[in-house]
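Worksheet for the structure shown next.
The values are calculated or read from the model by the stated rules, or taken from the named source; none is laboratory data. Because the structure is a prediction, the values reported are computed rather than measured. Neighbour counts run over all protein chains shown; Cβ positions are idealised from the backbone, glycine included.
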Amino acid sequence: MTNTIANIDKEEDYFLNLGPQHPSTHGVLRLLVNLRGEVVKDLKPYCGYIHRGIEKMCERNTYPQIIHLTDRLDYLSAHQNNEAVCLLVEKALGVEVSDRVKYIRTIMSELSRIASHLLWWSAFGMDLGALTTFFYGLRDREHILDIFEETTGGRLLQSYNCPGGVMYDIHPNFQKRVKECLVHLKKKLPEYDKLLTGNVIFKNRAIGVGLLSKEDAISFGVTGPSGRGSGFSCDIRKLEPYSAYDKVQFDEIIRTECDSMARYKNRIDEFYQSMSIIEQLIDNIPDGDYQTKMKPIIKLPEGQYYQRVESSRGEFGVFVESRGEKNPYRIKFRSPNLANLSALDHMVRGQKIADLIAIMGSLDLVIPDIDR
Amino acid sequence: MNAIVEYIKEVLGGVKSLLTGLSVTVKYFFSPGEIVTQEYPENRATLKMFDRFRGNVYMIHNEQNQHTCTGCGICEMNCPNGSIEVISKTIVVDDKKKKALDKHIYRMGMCTFCGLCVKSCPSKSLAFGQEFENSVYNRSDLTRILNKPNSTIAIKQ
């Protein structure tokens with residue numbers, strides 16, 4: 001705070017509070033922007049408006065009960081977050097889950113990645129003034145949410161994973177619906193390119209804006225499609241394959257343009273990669289138990305455990321220190337959004353205030369994940 | 001001269017890209033073939049939730065107003081939010097004292113619909129309903145007693 005005020009040296013300098021209730025921050029994030037005219041000198045994010053103390057709440061809960069809280073971190077990648085906790089518990093106990101569970105988890109993760117990127121595409125277009133994208137994106141996302149609702153019972157917060165497997169077996173309609181959805185998406189995705197990718201206004205606002213070099217991406221810990229837009233190879237699915245990711249062929253999308261357009265195109269390409277992963281798995285779901293029998297009260301052996309997964313926005317990590325009790329002594333989530341937000345100040349310096357919205361949109365921030 | 005040609009090319013290219021986008025929206029304007037909008041609440045009669053939809057938690061009763069809950073309290077133990085409270089009483093059956101359910105209090109305002117109570121119930125007496133219109137005028141209405149008045153425990157066959 002002190003050095004922000006020290007930066008005021010001219011009369012035309014002023015502060016602007018962007019948020020906490022600003023529509024383009026997609027949640028309650030407050031950015032204190034230091035401006036000279038229209039140019040951003042620096043900004044300071046103020047977190048904590050939606051802090052719910054989830055890590056502390058997890059400490060009083062048992063391991064199966066933690067799952068539903070991780071839904072509420074990054075609500076758009078609820079599946080991946082659940083999976084991280086489940087994988088950690090299974091790793092700590094040495095439980096081997098069946099191939100069926102691995103396949104179901106992978107398909108569900110990729111479906112939620114598509115759903116999350118669809119919502120991001122909608123909101124990104126809306127941030128830049130293209131309201132049409134919002135309707136089209138949400139229309140297609142609806143198909144995936146229906147799949148989730150039919151199998152898991154929840155649309156947004158599924159709570160589908162549980163230590164040792166998944167809560168319920170897949171619905172009989174699941175495979176049929178997923179295939180229909182993929183056909184539908186393949187038809188609709190070229191429209192997205194027509195609507196937004198080629199649009200001259202969008203191009204001018206995205207190309208060459210919000211540069212983040214590879215070195216900065218690594219030092220800020222920017223992961224996910226945003227980090228890969230800067231040429232930082234950080235796909236956990238490739239680096240440390242979990243679930244069924246070692247059984248499928250897919251490319252890690254890396255671009256080196258380092259701008260908002262690279263991050264945008266990365267996500268558009270990830271649609272196709274996720275769809276190809278689902279296509280490889282959906283017909284070959286093996287038979288087996290959807291849940292391994294676990295003890296009624298799960299106690300992790302004493303020690304420290306860490307598990308990371310690739311969520312829709314980057315690397316999501318769970319650290320647990322166990323003292324051998326039924327609830328964790330300390331739990332810490334490494335959320336991708338907090339790291340991505342930390343790079344925002346570096347990226348917007350010297351850019352216009354309107355570009356701040358575009359850059360923030362291209363980072364795809366989800367605020368409840370930042371504050372936890 | 002070259003600069004002017006470049007400028008005109010740029011403008012025309014921009015106009016073309018806008019028209020390409022416009023062609024998509026115009027196509028949907030004239031062929032609203034796939035309308036996905038649901039006219040809620042007008043479609044209440046036909047609106048059907050998926051059978052696994054996690055709505056309100058209720059206790060399954062049969063026609064004789066009997067349920068299978070034994071009042072063991074496993075659902076209360078498994079609930080992460082403390083939204084379930086099981087109050088048991090002692091009844092005398094065949095000159096033997098037995099634990100039975102008195103009140104199964106469910107506070108929907110605290111429920112996050114994680115499904116652990118339904119899944120962990122050993123006698124399968126809880127289930128998720130299809131109800132999703134849960135708004136009430138008074139917060140106390142969200143606290144419900146799941147076992148119906150004068151209900152008894154079903155005798156195992």
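For the range A:206-305, which fully contained helices (runs of 4 or more DSSP H) count at least 1 residues that are surrounded by fewer than 17 Cβ atoms within 10 Å (Cβ to Cβ) and not basic (K, R)?
A:214-220, A:236-239, A:260-282
Counting only residues that are in contact with a Leu (Cβ under 9 Å, 6 or more places away or on another chain), of a type in the set (A, V, I, L, M), under 30 Å from A:R60 (Cα atoms) and surrounded by fewer than 21 Cβ atoms within 10 Å (Cβ to Cβ), how many does the range A:314-362 have?
0
Consider B:N138 carefully, then state whether it is in the same structural domain as B:N65 (by TED's automatic domain parsing), out of contact with any helix residue (DSSP H, G or I) (no Cβ under 9 Å at 6 or more places or on another chain), crowded, with 16+ Cβ neighbours inside 10 Å and of a type outside the set (V, I, T).
So B:N138 fails the test.
Considering only the range A:46-60, state which residues are of a type outside the set (A, V, I, L, M) and surrounded by fewer than 20 Cβ atoms within 10 Å (Cβ to Cβ).
Residues satisfying the conditions are A:Y46, A:C47, A:G48, A:Y49, A:H51, A:R52, A:G53, A:E55, A:K56, A:E59, A:R60.
Could you grab me the full set of residues in the range B:63-96 that are under 13 Å from B:S125 (Cα atoms) and part of a helix (DSSP H, G or I)?
Hits for the range B:63-96 are B:I74, B:C75.
Tally the residues that are in contact (Cβ under 8 Å) with a residue 60 or more places away in the chain and not in a loop (DSSP other than H, G, I, E, B), restricting the search to the range A:325-337.
The total comes to 6.
What number of residues within the range A:57-108 are of a type in the set (A, V, I, L, M, F, W, C) and within 12 Å of chain B (Cβ to nearest Cβ)?
So the count comes out to 6.
Could you run through the range B:50-81 and say how many residues are crowded, with 19+ Cβ neighbours inside 10 Å and within 9 Å of chain A (Cβ to nearest Cβ)?
5
Looking at (1) modelled with pLDDT under 85; (2) under 24 Å from A:I170 (Cβ atoms), can you tell me which one A:I285 breaks?
That leaves (1) as the condition not met.
Output the number of the condition that A:N34 fails; it satisfies all remaining conditions of (1) within 14 Å of chain B (Cβ to nearest Cβ); (2) in contact with a helix residue (DSSP H, G or I) (Cβ under 9 Å, 6 or more places away or on another chain); (3) without any contact (Cβ under 8 Å) to a residue 60 or more places away in the chain.
Among (1) within 14 Å of chain B (Cβ to nearest Cβ); (2) in contact with a helix residue (DSSP H, G or I) (Cβ under 9 Å, 6 or more places away or on another chain); (3) without any contact (Cβ under 8 Å) to a residue 60 or more places away in the chain, the lone unmet condition for A:N34 is (1).
Are any residues in the range B:106-150 over 22 Å from B:M49 (Cα atoms) and within 14 Å of chain A (Cβ to nearest Cβ), and if so, which ones?
B:M110, B:S120, B:C121, B:P122
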